Every structure is written in C-alpha cells, then in structure tokens.
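A.B. asks: I have a structure I would like to understand better, so I am pasting it below and will then ask my questions one at a time.
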Amino acid sequence: MREVHVDRIMGALEELFVDANYNLSQNVLDILEGSIEKEESPVGKEVIRELIRNANVARDEHIPICQDTGLAVTFIEVGQDVHIVGGSLSDAVDEGVRRGYEKGYLRKSACHPFSRKNTGDNTPAILHAKIVPGDKVKITVLPKGGGSENYGEVRMLVPSQGKEGMKAFVLEMVTKGGPNPCPPIIVGVGIGGNLETSALLSKEALMEPLGKRNPDQALAALEVELLDAINKSGIGPQGYGGTVTALDVHVKMMPCHIASLPVAVNIQCHAHRIKEMII
Amino acid sequence: MEIRRIKTPLEAGVIEELKVGEKVLLSGSIYTARDAAHKRFMDTLRDGGTLPFDMVNQVIYYCGPSPAPPGKVIGACGPTTSSRMDAYAPKLISLGLKGMIGKGKRSQTVKDAMKQYRAVYFGATGGAGALLSKSVLSSEIIAYEEMGPEAVMRLEVRDMPLFVINDANGNDLYDFGMSEYKR
C-alpha cells in the first residue's frame, strides 16, 4: 500500500488552480490560432486575436486570464493501492483551494444561494473523487466560470425523441446562451446513465483535449456533426456574428434505463482553464 | 474599422452619434456594480436613501474584478453577463444613467428604457480580463467594501476598447451580426 500524505494533495491543488488561471494551455491556444482562419467575420477575427493577446498578457504579466476564476471544480482519481494519510482528503482539497485563491490573487466566487453572502475563500471545492486501479493519485482542476455554467442543463428526454431530439436540445442550449457564455464556446454533452451521471459525463466531456475525437466512430461523427451545426448558428465570437461559435464539441455516452433518455449539456467559455498532476 | 474616442460623463451629443457595431475607446471615470450591488441600490432607493454615486450621465461597468496583486491597480477585470442586471437597469437609466458596459443580450424592457432616456449599452470582450486591466489607470472602492468582488469601485480608464451593442435608437448588434452569418 503506497502512502500519500494529504499535504501533497493540498500543495498540488494550490499550485494547479493558480497555474490554470494564469496560463492558458497550449492546446487551447493552438485551437484559437487555428480558428482565426475559419472565422469569416472581420469583427470575429479581431475578437479571437484579442483573446490570444489576452492569454499572452495573462502569462507574461501575471494577471488572471479572466476575473471569473471560477468555482474550484476538482476531479481526483485515487488508485486503490493508495492509502491517504495525515487527515481528511476533502479538507485537504478545500485547504489547497483556499491557499491557491488567496496567494494567487484569484477571485472568490462561492456564495450562499439565497443570502448571496460570499464564503470568503472560494470553498467548498466541487470535488469528484473516484477509486481507480493503481497506486497513483491523479488530480485535474477545471476552474469554471459562472457565465458559461449558467447555460447548461440536464433534460430527461423521452426515448422516442432519440438522437434527433438530443441534437435539437444541444442546439437549443447553444442558441439560448447566444453571446452570454463567452463564445467561442466548448460544448460537453453527456448522454445516458441517469440524472446525475449524465451531468457528470457532460463535465467530463469538457476535460477532453480540444481537437481530439471520441474513439467510438459513431460518437466521433456525432461530435463533428454537432460542431458543424453549432457553427452555422451565426452566433460567432462574443455573439457579434460569425462562423466560429464553438471551438469543439465532446460527447460521452453510457447505457440508460429502458424508460429514459437523459441528456446533459455543459457549456464552457473560450477561457478553458484545465490543469492536471499525477502524484 | 474607424475607432471613435469618447469620454465620461457621457454627453447627449455623443450618445446620439454612436452607432451600433461601432468600436469605441472610452476614457474617464466609470463605476463597477454587479448583482449584489444592484440589489443594494434598489433597497436603498426603496428606503429613500442616497446611492453611492449620482447616476446622471455616468457609466456602470458590470464587473467584479479579481483582487489586485501587489504593484497593480486592479486584477483581471472583464465584463460579466449583463442580463442579470436587466431587472434593475431601467430604474437606474430613469435616474440618468447613460451607459452600461457588459456582455450579452439585454431585455426588451432595458432596450426600451435606453431608447426612451437616450442611453447606450457597450460590449467589452468577455474573458479578456487581463487585457482589459491594461486600460485601468486607478481604482478605488467607494461602497459596499464588505461585498468583496461585488463592491462598487470607481475606475479611471484610458482607451478602454468597447463595441456599441445597443445604440439609443433601438438597434442591436447581436441581431445584425447573427443574421448575417447564419447558414
């Protein structure tokens, strides 16, 4: 049994949230660069150039990419041969978030649902922990802004609505969001399971690298088809009109109940901040 | 693309000239206020109190910046989604507010108020908070400090890059742009 002290996990969280909020990954930068050519609107092209300049300023002058430094979405895969020692895992995650957001000058956006009183330290983190084979701990952070998260939804479709119903739902959500979730967006679609797993699948879909297609050929084709349909909406960068409304679409699917067809759509803004570490 | 330089307080003559889709560079004082601050404004007005600043000819920026690191006047400071302030904006426009900066569509009620009282709505690029911080010369919290990122701040800006989304004549950039590129 390999022992991993909670302090290492806490330190990783602190580092990852700061890194994610200041340094846009090369994968996102490459896709943004490539989208300038695909964008037909001159205003749209200018917006994408502005986003690349913004990422450069953030990295070089150490200013967060966006002021909405997100809720602290954290995925941890714990190997089943790992023994976590030194305290509670969830406390360590929250402490890492607390330190990262304080020391990194990141905005604290967590608040009470009704009184709207800020919790003051961006905790609690949104923690998803999973037990997997092996003796490693894999941590992925995805600080997620409110503007894009607000345009997601889980819908329990009727099975007869099928694939066409799913596609119509995805397009409805993209159109409903329009300029608000900061296009060019990234769309995560979770299909199947039940209410909560479809939502989780849609979030996990957002964690796939941009440009990478689903290994399942039918789902890969569906991703391409959805991306094409979304980019024909005309919404464009910032919603000012254009041909690049989304940078990518990822779909994840699993079996569901014979009576159900759950579909979840999770929208991510262009400031797609994601970092991971393996301990 | 022709770029017009404008300054606050916004004068009636300038507002009438602004056209939807136009890029402008804004200089002068602007005020940050978002969800919680707007709710406080409404509570204050209901109780017969005085707002933290006089709305006449001023511009509100829907923004909750990240904390300023040492040596910087502000952190990242891009716009937040404006529609959440739609319930409050007509009241402030009726009190003399002439400009709003944010991102995303406004309700018909807000657009009607802008037309009636001759006000404009500007878009700043959402998610370009690092770049936009370069336009801010100074910042000062003037109210609700206890609300953290939702406090009301006075920002001195120079050449802040914006697009006119809704002009005072009821035109909307989102409608124009989307219909042009819809396939």
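Taken together, the values in this text are just the output of simple stated rules run on the coordinates, not laboratory data. Just so it is clear, the structure is predicted and the values come from calculations on it, not from any experiment. Positions of Cβ are generated from backbone atoms using ideal geometry, with glycine treated the same way; all protein chains shown enter the neighbour counts.
A.B. asks: Which of A:Phe169, B:Phe53 has the fewest other C-beta atoms within 10 Å, and how do the rest follow up to the most?
C.D. replies: Ranking A:Phe169, B:Phe53 by Cβ neighbours within 10 Å, fewest first, gives B:Phe53, A:Phe169.
A.B. asks: What are the principal axis extents of the Cα atoms in the range B:3-182, in Å, biggest first?
C.D. replies: Extents along the principal axes: 44, 39, 31 Å.
A.B. asks: Per residue of the range A:122-138, in order, report the coupling 6.51 cos²θ - 1.76 cosθ + 1.60 (Karplus, θ = phi - 60°) as ³J(HN,Hα) in whole Hz, putting x for Gly and Pro.
C.D. replies: 6, 9, x, 5, 8, 9, 10, 10, 9, 8, 10, x, x, 10, 10, 10, 10
A.B. asks: Here is a further query. Could you tell me which of A:Gly145, B:Met160, A:Val57 has its Cα farthest along the dipole of the protein assembly as shown towards the positive end, charges placed at Cβ (Lys, Arg +1; Asp, Glu -1), taken about the Cα centre?
C.D. replies: Result: B:Met160, furthest along the dipole toward the positive end.
A.B. asks: Along the charge dipole of the range B:3-182, Cβ charges K/R +1 and D/E -1, which of B:Gly127, B:Gly13, B:Thr44 sits furthest on the positive end?
C.D. replies: B:Gly127
A.B. asks: Where both partners of a DSSP beta bridge lie in the protein assembly as shown, what percent of those bridges are antiparallel, to the nearest 5?
C.D. replies: In the protein assembly as shown, DSSP labels about 55 percent of beta bridges as antiparallel.
A.B. asks: Could you state the number of Å between the C-alpha centres of the range A:225-246 and the range B:142-158?
C.D. replies: Cα centroid to Cα centroid, the span is 35 Å.
A.B. asks: Which residues does the label zone of A:Asn194 cover in the range A:218-259, counting backbone N under 13 Å from a point 7 Å along Cα→Cβ?
C.D. replies: Only A:256-259 pass the distance filter.
A.B. asks: Right, another one. When only DSSP loop residues count, what trypsin sites (Lys or Arg not before Pro) in the range A:178-279 have their Cβ near at most 10 other Cβ atoms within 10 Å?
C.D. replies: For trypsin sites (Lys or Arg not before Pro) across the range A:178-279 that sit outside H, G, I, E and B with at most 10 neighbouring Cβ atoms in 10 Å, the list is empty.
A.B. asks: Among bridges DSSP assigns within the range B:3-182, what percent are antiparallel (round to 5)?
C.D. replies: Once the DSSP bridges in the range B:3-182 are tallied, antiparallel ones form about 55 percent.
A.B. asks: Roughly how big is the range A:147-272's charge dipole about its Cα centre, with Cβ charges of +1 (Lys, Arg) and -1 (Asp, Glu), in debye to the nearest 20?
C.D. replies: Dipole size: approximately 80 debye.
A.B. asks: A further question follows. Please list, ordered by chain and number, the residues whose modelled amide H lies under 5 Å from the amide H of A:Ala72; skip anything fewer than 5 residues away on the same chain.
C.D. replies: Hits under the 5 Å cutoff: A:Ile126.
A.B. asks: In whole Hz, with x marking every Gly and Pro, tabulate ³J(HN,Hα) for the range B:77-91 from phi via Karplus 6.51 cos²θ - 1.76 cosθ + 1.60, θ = phi - 60°.
C.D. replies: Once rounded to whole Hz, the list reads 8, x, x, 9, 5, 6, 4, 5, 9, 4, 5, 9, 4, x, 4.
A.B. asks: Under 5 Å between amide hydrogens, which residues at least 5 positions from A:Ser25 or on another chain qualify, with H placed 1.01 Å from N in the peptide plane?
C.D. replies: Long-range HN contacts for A:Ser25: A:Ile274.
A.B. asks: Where the only charges are on Cβ atoms (+1 Lys, Arg; -1 Asp, Glu), what is the dipole of chain B about its Cα centre, to the nearest 20 debye? Could you put the intermediate results ahead of the total?
C.D. replies: Values: 24 positive and 21 negative charges, 76 e Å.
The dipole magnitude comes to about 360 debye.
A.B. asks: Follow-up question, since we're still on this one. Could you tell me which of A:Leu24, A:Val93, A:Val82 has its Cα farthest along the dipole of the range A:1-97 towards the positive end, charges placed at Cβ (Lys, Arg +1; Asp, Glu -1), taken about the Cα centre?
C.D. replies: A:Leu24
A.B. asks: Additional query: What is the set of long-range amide H partners of B:Lys7 at a cut-off below 5 Å, with H atoms built 1.01 Å from backbone N?
C.D. replies: Those lying under 5 Å, H to H, from B:Lys7 are B:Ser27.
A.B. asks: So which aspartates and glutamates pass the test for A:Lys275, namely a Cα distance under 13 Å, with those fewer than 8 places away in the same chain ruled out?
C.D. replies: A:Glu14, A:Glu15, A:Asp19, A:Glu208
A.B. asks: May I ask for the distance between the Cα centers of the range B:43-88 and the range A:43-71, given as a whole number of Å?
C.D. replies: Distance between centres, Cα-based: 21 Å.
A.B. asks: Can you work out ³J(HN,Hα) from phi for every residue in the range A:66-82, in order, using Karplus 6.51 cos²θ - 1.76 cosθ + 1.60 and θ = phi - 60°, giving whole Hz and x for Gly and Pro?
C.D. replies: Couplings: 9, 5, 7, 8, x, 7, 8, 6, 9, 10, 10, 9, 9, x, 6, 9, 9 Hz.
A.B. asks: Where nothing but the Cβ of Lys and Arg (+1) and of Asp and Glu (-1) is charged, how large is the charge dipole of the protein assembly as shown around its Cα centre, in debye to the nearest 20?
C.D. replies: That gives the protein assembly as shown a dipole magnitude of about 680 debye.
A.B. asks: Before rounding to the nearest 500, sum -39500 (n - 2.57) across all DSSP H runs of length at least 4 in chain A and divide by the residue total; then give [θ] at 222 nm in deg cm²/dmol.
C.D. replies: The helix contribution divided over chain A gives -13000 deg cm²/dmol.
A.B. asks: Still on this structure: Using helices alone, what [θ] at 222 nm do you get for chain B, with -39,500 (n - 2.57) per DSSP H run of 4 or more residues, divided over all residues and rounded to the nearest 500?
C.D. replies: -7000 deg cm²/dmol
A.B. asks: Turning to a different aspect of this structure: Can you pick out the pairs among A:Lys38/A:Lys252; A:Lys103/A:Lys212; B:Lys7/B:Lys39; B:Lys39/B:Lys103; A:Lys163/A:Lys232 whose Cα atoms lie more than 23 Å from each other?
C.D. replies: Among A:Lys38/A:Lys252; A:Lys103/A:Lys212; B:Lys7/B:Lys39; B:Lys39/B:Lys103; A:Lys163/A:Lys232, the Cα-Cα distance tops 23 Å for A:Lys38/A:Lys252; A:Lys103/A:Lys212; B:Lys7/B:Lys39.
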